[in-house]
Amino acid sequence: MFEFEAGFSAAAAILTIALLAAFAPQRIRLIGLGLSVAVGSLVAWQYAFATDLREVQFGLAVVSEEGRLVALAIALSLVLFSNALAWIAGRLVITRVRYVGTDLDQLVSEEQRARLALEVAEQNERFEIARDINELIIQKISAVISQAEGGLYAAKSDPSSALRSLERIGSSSRAAHTELRRLYDMLNKTHEVTAAPPGLAELDALVVLYREMGYNASLKNEGAPFPLNEGAQLAIYRVVFDALENVKEHCLVGTDVSIDFSWVADGMQVLIKDNGIEVSNRSLAALTGEEQGYTPEEDLSALVRPIVGPGITAMRERAALYGGSIEATRVPGVGFTISAIFPALRANASDEV
């Protein structure tokens, strides 16, 4: 009923060995390899000794009895070589899948690495701030002690001055208590590790990462950038990072994302814009055949309803550390825009000497 060419059978056998080597359990792999070598050796013997002299097989013909041994040796070598090649190819495939991963696996790994680097950098920044706060607390406690001793001596000669001394001591104590609370919030069971915090220079790699994910990401600078300290660079990097994370979570692949920096003499603004709503509407229109627009209610909502959430709140808190502000707006039918404005960034965070 069926008839197969020898070349097709050999190719099928080689493919089977490669698949077994890649995905089958070890016992099945070894059994399959042994059967393939045995069957191949049997075919080689048949080709060398069971065919008539001068009969053409596989484009070759044995012309003498002595040539049969040569043909057997060549055929066996081909059997062993093809099986070994298929076995190695299969093991290379499964090794890549398990230990190297696909392009998507590598992108996910790169994103996790970027996230971990960011968390590590924030951890180090907390300890830097904690050290500064610790010095400030020591100064304030020393001031409380000095005021208390001075008030004690002053009260002996002028009892009315004791009230003023107590007021100063109370004010200094409250300031020290505030700094202690900040220190406690900073530490909260963390430990120091070493890593360079991501800064503005790492935004290029972040943009490339999102391009590899399928987003049309771009980065542009206008004006003359000025040097910033590590803390400010980390805060701005985190604002951009969180904005891109929001795009990845809510927008389809193919969304345009632009990151535009505008530098002026004393400050800077960064705009992160996407057209995720537009891309989603186009995709839905392609499925339903109906053009997707936006309603007057959506237009009104974009004007009067603020965008809130823990992510936006965290961005505002980071920007406020350097005198900045965050505005999140929705453009009906298009997408979202995050605007981070730092009007006095040079004065608050410049790293210029």
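Close contacts from segment 277-306, counting a first residue that is over 14 Å from VAL331 (Cβ atoms) and modelled with pLDDT of 70 or more and a second that is outside any helix (DSSP H, G or I) and not β-branched (Val, Ile, Thr), with Cβ to Cβ under 7 Å and a gap of 6+ residues or different chains, come to SER283/LEU252; LEU284/GLN292; ALA285/GLU291; ALA285/GLN292. Residues that are touching a Phe, Trp or Tyr at 6+ places or on another chain (Cβ under 8 Å) and either surrounded by fewer than 16 Cβ atoms within 10 Å (Cβ to Cβ) or not basic (Lys, Arg) (or both) were ranked within segment 328-345; the one that is farthest from GLU245 (Cα to Cα) is LEU345. Remark: LEU206 matches the filter, which requires a residue to be in contact with a Pro (Cβ under 9 Å, 6 or more places away or on another chain), within 13 Å of TYR237 (Cβ to Cβ) and modelled with pLDDT of 65 or more. Residues in segment 30-45 that are closer than 19 Å to ARG91 by Cβ and either open to solvent by 90 Å² or more (accessible area, probe 1.4 Å) or modelled with pLDDT under 80 (or both): LEU30, LEU35.
Look at SER160 and say whether it is farther than 30 Å from ILE236 by Cα, open to solvent by 40 Å² or more (accessible area, probe 1.4 Å) and at pLDDT 70 or above. Considered against the rule, which asks whether it is farther than 30 Å from ILE236 by Cα, open to solvent by 40 Å² or more (accessible area, probe 1.4 Å) and at pLDDT 70 or above, SER160 comes out as no.
For segment 242-259, filtering for residues that are under 15 Å from VAL270 (Cβ atoms) and surrounded by fewer than 17 Cβ atoms within 10 Å (Cβ to Cβ) leaves 1. Scanning segment 233-290 for residues that are of a type in the set (Asp, Glu), more than 25 Å from ALA347 (Cβ to Cβ) and part of a strand (DSSP E or B) yields ASP256, ASP274. Residues MET315, MET268: which one is crowded, with 18+ Cβ neighbours inside 10 Å, modelled with pLDDT under 90, within 28 Å of LEU116 (Cα to Cα) and not acidic (Asp, Glu)? Among MET315, MET268, only MET315 is crowded, with 18+ Cβ neighbours inside 10 Å, modelled with pLDDT under 90, within 28 Å of LEU116 (Cα to Cα) and not acidic (Asp, Glu). For segment 201-228, the set of residues classified as surrounded by 15 or more Cβ atoms within 10 Å (Cβ to Cβ) and assigned to a strand (DSSP E or B) consists of ASN216, ALA217, LEU219, ASN221, LEU228, listed by residue number.
The values are calculated or read from the model by the stated rules, or taken from the named source; none is laboratory data. Quantities reported herein were computed from a predicted structural model and do not represent experimental measurements. Glycine also receives a Cβ, built like all others from the backbone with ideal geometry; neighbour counts cover every protein chain displayed. Just so you know, the surface numbers come from the protein's heavy atoms only, side chains and all, with ligands and any DNA or RNA stripped out. Shrake-Rupley method; radii C 1.70, N 1.55, O 1.52, S 1.80 Å.
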